[in-house]
1. State yes or no: is E128 under 22 Å from K48 (Cβ atoms), acidic (D, E) and surrounded by fewer than 17 Cβ atoms within 10 Å (Cβ to Cβ)?
2. Evaluate the stretch 114-121: report whether one residue or more is of a type in the set (F, W, Y) and either closer than 26 Å to S22 by Cβ or modelled with pLDDT of 95 or more (or both).
3. Please specify each residue of the stretch 66-98 satisfying the condition of being modelled with pLDDT of 85 or more, open to solvent by 80 Å² or more (accessible area, probe 1.4 Å) and not charged (D, E, K, R).
4. Could you look through the stretch 26-45, keep only residues that are of a type in the set (V, I, T) and assigned to a strand (DSSP E or B), and pick out the one that is nearest to the chain's Cα centre (by Cα)?
Amino acid sequence: MKYKILIAIIVVLPFISTAQHSLLLKTGERMNGEVVALKDGTLSFNFKGNTMNIKLTEVQSIQFSEGNSQAVKTGTDSPVNSGTKGVSYTMNGRKLNKQPVISNLTMEKGIVVVEITINKYGNVIKAEPGAEGTTTTSQYLLTKAKQAAESVAFDTSPTTPLEQKGTITIIF
């Protein structure tokens with residue numbers, strides 16, 4: 001299997017060397033960037049302006065088109081479990097219009113529940129990570145979860161209160 005991936009990368013790499021790629025590691029972490037080179041079982045990958053060298057044994061797949069595969073579930077009165085990686089939210093009567101931007105430059109794992117307050121226009125006006133259900137004390141993951149929660153937008157609802165509370169659960 002490893003050799004099939006290696007051969008596919010070698011064959012396709014010269015034709016797409018300037019394309020954006022989505023790299024999925026076996027840990028479940030997804031990184032968007034650009035494949036630069038492949039040599040001696042090591043993949044050179046530009047990620048947020050930094051070149052990272054990643055062993056092919058750590059790579060599950062490389063996608064050659066952009067796309068967000070984070071699991072996003074619709075809001076309900078009770079929390080929605082989205083599986084091993086991804087995002088779920090609880091916001092009664094609202095739909096998510098803009099998915100969160102999630103980045104994790106470490107191998108840290110955990111679940112962070114962020115209490116959010118949105119206005120009637122669907123914008124997040126307050127985000128507090130570490131609510132009940134959080135499984136990590138990592139300041140890095142708490143900060144990343146807060147940033148991700150602040151990046152979402154819900155649908156506009158003129159009939160809802162001026163402010164509405166809910167949660168976003170982010171699984172790293």
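The values are calculated or read from the model by the stated rules, or taken from the named source; none is laboratory data. Bear in mind that the values here come from a model prediction, so they are computed numbers and not experimental data. A quick note on method: Cβ atoms are made from the backbone with ideal geometry, for glycine too, and the neighbour counts reach across all protein chains shown. Ligands, DNA and RNA are stripped out before the accessible areas are found, and what is left, the full protein with its side chains, is counted by its heavy atoms. Shrake-Rupley method; radii C 1.70, N 1.55, O 1.52, S 1.80 Å.
1. The answer is no for E128.
2. No, every residue in the stretch 114-121 fails to be of a type in the set (F, W, Y) and either closer than 26 Å to S22 by Cβ or modelled with pLDDT of 95 or more (or both).
3. N92, N97
4. Residue satisfying both the conditions and the ranking: V35.
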